[in-house]
Amino acid sequence: SETCRQQAWDSYHKILCPSANPETMELFQFCASRQIIVRGTWNSIFSPMILAKLIAMIVLHVVNSVQNGTSSKGVDLTYAHQFQQTNDGPLEQAKEIFSEFISSGDPTYVRTIPRMLKLMHNIFNHPSMPIQYEFNELEFSYRFYQIACNAQSFSSPNYAATLYTRFLLNVRQHDRTGLYVTLQPYLKGEPADQVFGGLFPLQSSLNHSCDNSCEIMDCQVTPEVAGIKVRCKHQLKPGDELTINYVDLALGRRARRAMLKRAYNFWCECQRCAFEGDDAYSCTECKLLSPSIDNPNPNLTNGNIPYRKPFPACSRCRNAWYCSPNCQKQAWKRGHKLICKDWTKERSSSSAN
């Protein structure tokens, strides 16, 4: 709609439009290829366009916040040369609008995608920019991990039935450039599912638990706007914490903890992690190592590492192992019964990273 187009223009597109900033054309072409792993350019599940939009929104927030002097393009240039020289100027204040989203990750990652860093630097230092935004390695890394740690994918439940049909109707009624004819080859059959990505303060403020009390779900906020909602999975008592999952719940404890440590820099000690084990060679309850036995395949494994007999697994969840029935009973009473289920069937609502 015209409303959506104007909102996009005012929010970020006037900075990223190729007609104003030719450097963005390469970014649009890369995103159109739908590649997420390209050596030296990109290696992430989310689109680099989200990163560019975030920076463009910061720049336009600066422009809109400064009231003195306006150029012919409607962009304030009066104090542009001063924005980088103060720690409390309009640019630094604008950067704070996304400060509620955490950023945690390997600061050297950006060196594995130098072409994307150069592309972003060229975009935000183009002469068409109302201000110069210093997009160095440090800034790139910080903004990249803000998105990697917080971005949430979502879709519109009404897209196929309502929005897509309305879009085609608008094209037919107001087409003056032959757009509808151009689109004909792509309009056959059912419309493809649309998946979007965004940053949501509510979702990002919730802590992680491998036994999460809430889940993130798609919703239609208005007839035209899709988003997410946070829904409790079961009845909660006053004082219970609202938690969501950051990683795939079907993974074992060792894999979940490794991913959380690498991506979010914390070691999970939730209720589920407390009553699950890492493997079958250590009792989940008393930590006793399983007995060493003769290696049945000495040619396939390192002979210097003792071969151990695996302990029996919990028959229900298969994520805990016990040296004796007594240990299993103790673990059950202490809390394993609260998290014992088939987690491979659990719905995952983790972020888009």
Q: All but one of (1) aromatic (Phe, Trp, Tyr); (2) in contact with a strand residue (DSSP E or B) (Cβ under 7 Å, 6 or more places away or on another chain); (3) touching a residue at least 60 places away in the same chain (Cβ under 8 Å) hold for Tyr281, so report the exception by its number.
A: (3)
Q) Which one of these does Cys4 not meet: (1) within 21 Å of Phe154 (Cβ to Cβ); (2) surrounded by 13 or more Cβ atoms within 10 Å (Cβ to Cβ)? A) (2)
Q) Which number in (1) under 20 Å from the mean Cα position of the chain (by Cα); (2) touching a residue at least 60 places away in the same chain (Cβ under 8 Å) marks the one condition that Thr108 misses? A) (2)
Q. Going through the stretch 316-353 one residue at a time, which ones are in contact with a strand residue (DSSP E or B) (Cβ under 6 Å, 6 or more places away or on another chain) and at pLDDT 95 or above?
A. Trp321
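Scanning for something part of a loop (DSSP other than H, G, I, E, B), without any contact (Cβ under 8 Å) to a residue 60 or more places away in the chain and more than 26 Å from Asn319 (Cα to Cα), does the stretch 226-234 turn up at least one residue?
Filtering the stretch 226-234 down to residues part of a loop (DSSP other than H, G, I, E, B) leaves 233-234.
Add one more test, that the residue is without any contact (Cβ under 8 Å) to a residue 60 or more places away in the chain, and what stays is 233-234.
Subsequent filtering for residues that are more than 26 Å from Asn319 (Cα to Cα) retains none.
Looking for residues that are part of a loop (DSSP other than H, G, I, E, B), without any contact (Cβ under 8 Å) to a residue 60 or more places away in the chain and more than 26 Å from Asn319 (Cα to Cα), one finds none in the stretch 226-234, hence no.
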Q.
Among the residues of the stretch 136-149, are any in contact (Cβ under 8 Å) with a residue 60 or more places away in the chain and assigned to a loop (DSSP other than H, G, I, E, B)?
A. no
**Q.** Residues satisfying the stated conditions in the stretch 206-235, i.e. modelled with pLDDT of 90 or more and over 22 Å from Ser156 (Cα atoms)
**A.** Leu206, Asn207, His208, Ser209, Cys210, Asp211, Asn212, Ser213, Gln235
Q: Hey, can you tell me all the residues within the stretch 158-194 that are in a loop (DSSP other than H, G, I, E, B) and surrounded by 13 or more Cβ atoms within 10 Å (Cβ to Cβ)?
A: Asn158, Asp175, Pro191, Gln194
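Here's the yes/no breakdown for (1) in contact with a Cys (Cβ under 8 Å, 6 or more places away or on another chain); (2) at pLDDT 85 or above:
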position: Glu92; (1), (2): no, no
position: Gly105; (1), (2): yes, no
position: Arg111; (1), (2): no, yes
position: Lys118; (1), (2): no, yes
position: His126; (1), (2): no, yes
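The values are calculated or read from the model by the stated rules, or taken from the named source; none is laboratory data. Small disclaimer: the values here were computed from a predicted structure and weren't measured. Glycine gets a Cβ as well: all are built from the backbone with ideal geometry, and neighbour counts include every protein chain shown.
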